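Since every read-out is calculated from the coordinates, none of them should be taken as a lab result. Source: prediction; values computed, not measured. Note: ideal-geometry Cβ built from the backbone for every residue, glycine included; neighbour counts use all protein chains shown.
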Amino acid sequence: PGGHVEREVVEESSDGVLVVPLTDDGKIVLVEQSRHLFGTTYEVPSGAINPGETPIEAAARELFEEACLTATSFELMSSHVNSVHMTGRNYYFLATGLVPAAGAICDADGEFIGRAELRFDEVERLIEEDRIPDLRNRGCIWLAQLRVLQKAAHERLAPIG
């Protein structure tokens, strides 16, 4: 009452992918970025699904563009409504069988600072320090960790012979 209210509405309806690249020795590959509000952050390769592109095609493209990697396997861990905008869907993938993209030029727009291969405990420390501030990134990393733990438990309990 008696004041001026100004609103800005941003509608984002595109679907997106987040990819957790997992090395053969169990490390997660994260890209290091400079974010205006947070300084340097760590994130999984991610981005919008382009028109005519499937989620898995987008996951492979984002992994290549942001981490300069290809993968022999993509496992869909989750698909859900984008909770940020309540429109569009997020697809979380676990990428394994990673191969460096030899001779390729990645990050053409110069968006990324670097790339790091980190153990789960190192990633946990980054989350505690708020260096991975985005909940979607945290969520897909936690799902990947659950997948790794489930597979390890299954292998330990599998009958021999």
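Estimate the FRET efficiency between His36 and Glu122 by the formula 1/(1 + (r/R0)^6), using the beta-carbon distance for r and 30 Å for R0, to the nearest 0.05.
After rounding to 0.05, the efficiency reads 0.75.
Calculate the spin-label point distance for Ala101 paired with Thr87, positioning each point 7 Å from the Cα along the beta-carbon direction, and give it in nanometres.
Each label point lies 7 Å from its Cα, and together they span 2.9 nm.
How high is the FRET efficiency from Ala48 to Gln145, r the C-beta distance, R0 25 Å, rounded to 0.05?
With a Förster radius of 25 Å, E is 0.50.
Between Thr23 and Ser79, what FRET efficiency comes out of the Förster formula 1/(1 + (r/R0)^6) with R0 = 25 Å and r the beta carbon distance, rounded to 0.05?
Computed FRET efficiency for Ser79 and Thr23: 0.55.
Compute the signed sum of charges (Lys and Arg +1, Asp and Glu -1) over the other residues within less than 13 Å, Cβ to Cβ, of Glu57.
So the surrounding residues net to -3.
At what distance in angstrom do the alpha carbon centres of the range 19-44 and the range 124-144 lie from each other?
Distance between centres, Cα-based: 9 Å.
Would you please put 144-155, 42-53, 90-101 in order of how densely packed they are, using the mean number of other Cβ atoms within 10 angstrom per residue and starting with the highest?
90-101, 42-53, 144-155
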